[in-house]
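Working notes, beginning with the structure itself.
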Amino acid sequence: MRRYRTGLWSNSDFVKLWLGQTVSHFGSGITGIALPLTAVLVLAATPTQMGILGALDGASVLVISLLAGVWVDRVRRRPLLLAADLGRAFVLGTIPFAALLGVLGIGQLYVVAALAGMLTVLFTVAHSAFLPSLIPQESLVEANSKLAMSDALAEIGGPAVAGPLVQLISAPFALLFDALSFLFSACCLGLIHTPEPPPTAFEQRKSIWSDLVEGLRLVLKNPLLRALAGSAGTFSLFGNFVGTLYALYVIRQLGAPPIFLGFLVATGGVSALMGAFMAERVVRRFGLGRTVGMGLFMYGATGLLIPLAGGSVALALSLLFLGQLLGDASVSIYLIAEVSLRQSIVPANVLGRTNASMQFLSQGVAPLGALLAGILGGMIGLRLTILIGVLGVMLAGTWLLLSPVRKV
């Protein structure tokens, strides 16, 4: 049985990367609340404008992910990470500045959402490719587990801090904390001393189009990556059935008070933290491949508690709580194992393009999933639409369990 070393806390450069990511994720948790509240409370945005604001962030994956992958493989990754952090700090910082001058408008929020979304895609692709150059391959699961713990803590703490901040200093100025968090992350990246291998001259001589096509070809020709991408796309499509309608289902159909929705989200953060803590142990027990498939299948299976929630309000909410507690831990384990598997099987010189192609193929269908969820929810009802969604997620997990991935 393959063994994975522990002890990354003794790796000072990894700790710098982890610390910067922890703080910036916490700041992004604040933005997740403060940006839409800026649109609603300060600019009195209409539902259509809110839809556009949300769509711009998701569209960034389709617009830039493949190009980001080419760029990441052509240059050193750490300068790109620094540029993405500094860029996000700048664009978010324009909102409180414009609010101070009294010139903030919905158009500026659109631009900020689009630019911040594209910079986040660039950072995500570069970060996934940079991490394997910073630590030994056998430590990837441990590293991704620790980074996932930071995400989970930010999911709990960021929104919890955002509410009081918005109340105290207003929504636009709360965004200043996220801008500062990106500056802190950039400082941490700047202090990393581990030398990064340069990109190969051969890769630099290719045309951008050739690199774009090669990234997609690498994913589609490799049976492991092809299964991971197809399953992730299925997960993204059907998972958005649940994500799009969840709040509406909980509040309108089950009659839960809005405060309970926040409690469910916080429960999910705690559960994700538990999953990140357990992930390395689960991988040691079952291996990367089976952990990926089981984690995704269990996420769908526990999601069945959502459409099954019924009877008294107390019983329905108890089932939702249980589903959130079990489901977020499962998906956290899946995500950690999935990214660790990709990082361990893809050569470093094509890791950027491969990760970007995976993101494009998997996340590109997310807007379609949200659109179909809205249409089906109006035609057949929220409960049945969510049931179709969780069955689709289970199908995505089954795909992995029946594919060559399970043997890794």
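In table form, for the structure just shown:
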| quantity | calculated |
| --- | --- |
| Residue list for the range 102-147, restricted to those being over 28 Å from Leu62 (Cβ atoms), touching a residue at least 60 places away in the same chain (Cβ under 8 Å) and in a loop (DSSP other than H, G, I, E, B) | Ile135, Pro136 |
| Any helices (runs of 4 or more DSSP H) falling wholly within the range 252-339 and containing at least 3 residues that are within 25 Å of Ile33 (Cα to Cα) | 258-286 |
| Count of residues meeting criterion [in contact with a helix residue (DSSP H, G or I) (Cβ under 8 Å, 6 or more places away or on another chain), in a helix (DSSP H, G or I) and β-branched (Val, Ile, Thr)] in the range 158-197 | 2 |
| Test: Gly117 is within 19 Å of the chain's Cα centre (by Cα), within 29 Å of Ala329 (Cα to Cα), of a type outside the set (Asp, Glu) and in the same structural domain as Ala55 (by TED's automatic domain parsing) | yes |
| All positions within the range 102-113 that are modelled with pLDDT of 90 or more and among the small types (Gly, Ala, Ser) | Gly102, Gly105, Gly107 |
| Filtered residues of the range 93-109 (kept if surrounded by 16 or more Cβ atoms within 10 Å (Cβ to Cβ) and within 18 Å of Asp178 (Cβ to Cβ)) | Gly93, Thr94, Ile95, Pro96, Ala98, Ala99, Leu104, Gln108, Leu109 |
| Output for the range 368-387, where each listed residue is surrounded by 18 or more Cβ atoms within 10 Å (Cβ to Cβ) and either among the aliphatic types (A, V, I, L, M) or under 30 Å from Val75 (Cβ atoms) (or both) | Ala370, Leu372, Ala373, Leu376, Leu382, Ile386, Leu387 |
| Members of the range 249-304 that are surrounded by fewer than 17 Cβ atoms within 10 Å (Cβ to Cβ), of a type in the set (D, E, K, R) and closer than 23 Å to Ala154 by Cβ | Arg281 |
| Test result for Val292, closer than 18 Å to Ser231 by Cα, in contact (Cβ under 8 Å) with a residue 24 or more places away in the chain and in contact with an Asp or Glu (Cβ under 8 Å, 6 or more places away or on another chain) | yes |
| Positions within the range 288-316 being closer than 18 Å to Pro223 by Cα and not hydroxyl-bearing (Ser, Thr, Tyr), in sequence order | Leu288, Gly289, Arg290, Val292, Gly293 |
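The values are calculated or read from the model by the stated rules, or taken from the named source; none is laboratory data. Remember, predicted model here, so these are calculated numbers, not experimental data. Backbone-built Cβ (ideal geometry, glycine too); neighbour counts: all protein chains shown.
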